[in-house]
1. For the range 235-248, name all the residues that are part of a loop (DSSP other than H, G, I, E, B) and surrounded by 13 or more Cβ atoms within 10 Å (Cβ to Cβ).
2. For the range 211-219, check the following and say yes or no: at least one residue is within 25 Å of the chain's Cα centre (by Cα) and small (G, A, S).
3. Can you name every residue in the range 83-120 that is β-branched (V, I, T) and closer than 17 Å to I45 by Cβ?
4. Taking the range 295-330 on its own, how many of its residues are in contact (Cβ under 8 Å) with a residue 24 or more places away in the chain and either of a type in the set (S, T, N, Q) or not in a loop (DSSP other than H, G, I, E, B) (or both)?
5. Among S101, S112, S116, which is of a type in the set (S, T, Y), buried (at least 16 other Cβ atoms within 10 Å of the Cβ), over 20 Å from G63 (Cα atoms) and free of Cβ contacts under 8 Å to residues at least 40 places away in the same chain?
6. Condition (residue is under 24 Å from T99 (Cβ atoms), at pLDDT 95 or above and either out of contact with any strand residue (DSSP E or B) (no Cβ under 9 Å at 6 or more places or on another chain) or of a type outside the set (G, A, S) (or both)) applied to the range 53-61: is it met by at least one residue?
7. Out of (1) surrounded by 10 or more Cβ atoms within 10 Å (Cβ to Cβ); (2) free of Cβ contacts under 8 Å to residues at least 24 places away in the same chain; (3) outside the structural domain of Q179 (by TED's automatic domain parsing), the odd one out for A252 is which?
8. Scan the range 250-267 and tell me whether some residue there is in contact with a Lys or Arg (Cβ under 8 Å, 6 or more places away or on another chain), at pLDDT 95 or above and over 30 Å from L224 (Cβ atoms).
Amino acid sequence: MASTYTPLGVELMATGENAGTWGTKTNTNLQLFEQLTGGFSQVSIAGGAQTTALTVVDGNTTGTAQYRMIEFTGTITGNQIVTIPLDIETFYFLRNSTTGSFTVQFKYVSGSGSTSTFATTDKGDKLLFAAANDATNPDIKEISLASPPGGSDTQIQFNDGGTSFGGSSNLIWDGSNVQIGAQGDLRLADSDSSHYVTLIAQVTAASNVNLTFSANDRDADQALVTDGSGVLSFTTISGGADWQAVITADPANAVSGQGYFANTSGGAFTITLPTSAARGDFISVVDYAGTFDTNNLTIGRNGHNIQGSAADLVVGTERAGFTLVYVDATQGWLLQNN
């Protein structure tokens with residue numbers, strides 16, 4: 001009875017066969033075992049879009065699929081497909097060392113089973129299991145190496161002599177949060193890593209500080225503020241009065257937040273306060289021509305109190321400049337400065 005072979009090419013010798021060559025064949029099998037369990041090979045897949053078939057050579061160590069670790073090399077100018085025979089059952093360490101922004105797919109030679117693909121920018125490593133779980137549609141299964149061990153107090157420590165994280169820095173996961181142990185800063189690099197923005201705690205903080213960011217980025221020119229408990233939100237910050245062009249008559253009721261250069265050189269007139277007002281509303285007024293003393297400016301109260309009085313405010317001071325701020329219905333508009 002003649003020898004038979006496993007899907008990976010190992011020769012199974014029949015009883016009484018291979019007289020005189022049994023030792024040589026056994027040595028070849030042992031060499032193949034070593035290659036299958038720990039062998040490394042580089043396979044060039046250079047070129048345009050194509051399919052490269054990895055092979056098994058029965059009773060020999062020359063098959064390109066008969067290695068534990070395979071590195072793909074060469075400059076690729078199109079998407080690549082690398083296949084293995086349909087009956088192989090093993091696992092592979094693969095490395096994509098090609099140059100060129102194209103995919104490299106690893107799969108069985110035929111069938112509709114799952115496959116594994118290096119993305120166009122993925123020049124990394126994969127651990128794959130060729131399952132041989134179906135005679136016609138076997139799967140290539142990816143084995144993830146990314147998940148760290150769990151636990152309620154898992155700590156990952158980087159002590160690498162100061163080249164990456166520093167010789168004494170700890171990156172700690174406590175089950176809910178990520179923490180940089182000891183005082184360290186979180187650096188967000190710019191697009192070319194030439195500069196960065198840093199977040200860093202005080203040298204000695206009085207207590208823990210928790211900042212909860214807003215759920216959206218709101219409108220242009222708004223500022224980020226805290227409610228006193230660490231909850232952040234966006235708001236519009238007043239930057240002072242919005243000064244208007246010089247006026248010589250009532251501007252059809254003043255507008256909160258605006259400033260007015262009042263010119264009474266042509267005669268006295270009235271600036272009427274807004275119809276409605278809320279705490280913090282303000283208007284500012286300046287004597288433009290220095291004529292308030294001869295031609296008075298009147299601030300019409302428009303139903304509100306001014307300085308707690310239900311009367312208009314008459315301004316007769318030359319070069320007067322002042323701001324009225326609304327507080328409430330009792331005091332109404334109050335002078336901020338005279």
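1. Step one: filter the range 235-248 for residues part of a loop (DSSP other than H, G, I, E, B), giving 236-241, 244-246, 248.
Once the filter is applied, which keeps residues that are part of a loop (DSSP other than H, G, I, E, B) and surrounded by 13 or more Cβ atoms within 10 Å (Cβ to Cβ), the range 235-248 yields A241, Q244, T248.
2. Initially, the range 211-219 is screened for residues within 25 Å of the chain's Cα centre (by Cα), giving 211-219.
Adding the requirement that they be small (G, A, S) leaves 214-215.
Yes, that holds for at least one residue.
3. Within the range 83-120, the subset β-branched (V, I, T) is 83-84, 88, 90, 98-99, 103-104, 109, 115, 117, 120.
Listed by number, the residues that qualify are T83, I84, T98, T99, T103, V104, V109, T115, T117, T120.
4. Kept after step one, since they are in contact (Cβ under 8 Å) with a residue 24 or more places away in the chain, are these residues of the range 295-330: 295-308, 312, 315-330.
So of that shortlist, the ones also either of a type in the set (S, T, N, Q) or not in a loop (DSSP other than H, G, I, E, B) (or both) come out as 295-300, 302, 305-307, 315, 317, 321-328, 330.
Of the residues in the range 295-330, 21 are in contact (Cβ under 8 Å) with a residue 24 or more places away in the chain and either of a type in the set (S, T, N, Q) or not in a loop (DSSP other than H, G, I, E, B) (or both).
5. Numbers: S101 fails: buried (at least 16 other Cβ atoms within 10 Å of the Cβ); S112 fails: buried (at least 16 other Cβ atoms within 10 Å of the Cβ).
Result of the check over S101, S112, S116: S116.
6. Here is the first cut: in the range 53-61, the residues under 24 Å from T99 (Cβ atoms) are 53-54.
Keeping just the survivors that are at pLDDT 95 or above gives 53-54.
When the remaining residues are screened for being either out of contact with any strand residue (DSSP E or B) (no Cβ under 9 Å at 6 or more places or on another chain) or of a type outside the set (G, A, S) (or both), the result is 54.
Yes, the range 53-61 contains at least one residue that is under 24 Å from T99 (Cβ atoms), at pLDDT 95 or above and either out of contact with any strand residue (DSSP E or B) (no Cβ under 9 Å at 6 or more places or on another chain) or of a type outside the set (G, A, S) (or both).
7. Tallying (1) surrounded by 10 or more Cβ atoms within 10 Å (Cβ to Cβ); (2) free of Cβ contacts under 8 Å to residues at least 24 places away in the same chain; (3) outside the structural domain of Q179 (by TED's automatic domain parsing), A252 fails exactly one: (1).
8. Going residue by residue through the range 250-267, those that are in contact with a Lys or Arg (Cβ under 8 Å, 6 or more places away or on another chain) are none.
So far as the range 250-267 goes, no, none of its residues is in contact with a Lys or Arg (Cβ under 8 Å, 6 or more places away or on another chain), at pLDDT 95 or above and over 30 Å from L224 (Cβ atoms).
The values are calculated or read from the model by the stated rules, or taken from the named source; none is laboratory data. As the structure is a prediction and not an experimental result, all values here were calculated from the model. Cβ atoms come from the backbone with ideal geometry, glycine included; neighbour counts cover every protein chain shown.
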